[in-house]
Amino acid sequence: MRRPTAAVGSAAFFLVGPGIMTGLIPWLLTGWQVREPLPYWAPLRVIGVILLVAGLIVLIQAFVRFVMEGFGTPVPVAAPERLVVGGVYRYVRNPMYVAILAATVGQALLLGQLGLLLYAAAFWLIAAAFVRSHEEPALTRRFGADYEAYRRAVPA
């Protein structure tokens, strides 16, 4: 796939996938209303901002890496031609899921909406099950020994 095509596909998927998971669903659950669940919550709000911003930065970097290194998108129907192992993928095999989790936990702390922590936990369980049951076998079929070596070298 050509990079411009991959960039457009990745941008569209970014709005649909992570946009819904980190934007629409938290908004539907909370209305992005700020609460004060406990006294002296301000330090946790700061941590929330850090997690939210860090999650969004990692998420954007991971999407860019799919385009630049993989010549594809995170969408299975337009999967990358090459195994993506650079950038944040050197440190964790699933940086998009980790970033979505961080951004969601960040919103929970920033807004004082502890219910979002339950959503984050549910997301994490579903994502982990999906990775184990679908993504890892599909990547093994697609990239074979290269993916197996990457899997041994980089934590999930």
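The values are calculated or read from the model by the stated rules, or taken from the named source; none is laboratory data. No experiment lies behind these values; they were computed from the predicted model shown. Every residue, glycine among them, receives a Cβ derived from its backbone with ideal geometry; neighbour counts consider all protein chains shown. Each accessible area value is taken on the protein alone, full model and side chains, heavy atoms only, with ligands, DNA and RNA left out. Shrake-Rupley method; radii C 1.70, N 1.55, O 1.52, S 1.80 Å.
What the table shows:
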read-out	value
Apportionment of accessible area to carbon and sulfur, the chain, percent (1.4 Å)	72
Largest to smallest accessible area among I100, I47 [probe 1.4 Å]	I47, I100
Axial C-alpha extent at least 27 Å, average Kyte-Doolittle at least 0.0 - helices from the chain (DSSP)	42-68
For the range 51-132, the fraction of alpha-carbon pairs in successive 5 Å shells from zero, as %	3, 16, 21, 23, 18, 11, 6, 2, 0
Residues of the chain: accessible area per residue with a 1.4 Å probe, Å²	56
Relative contact order (percent, whole number), the chain, Cα cutoff 8 Å, 6+ residue spacing	30
Sites V64 and E36, calculated FRET efficiency, Cβ-Cβ separation with R0 35 Å, nearest 0.05	0.40
Distance (nanometres) between label positions extended 7 Å along Cα→Cβ at A12 and V53	3.3
Residue-level accessible surface for W124, protein heavy atoms, 1.4 Å, Å²	100
Shape box of the range 94-156 [Cα atoms, principal axes, largest first, Å]	45, 19, 14
Options (1) 0.95; (2) 1.20; (3) 1.02 - which one matches Rg/Rh (Cα atoms, Kirkwood Rh) as calculated here	(3)
Gyration tensor over alpha-carbon atoms, the range 1-66, equivalent ellipsoid semi-axes in Å	31, 15, 5
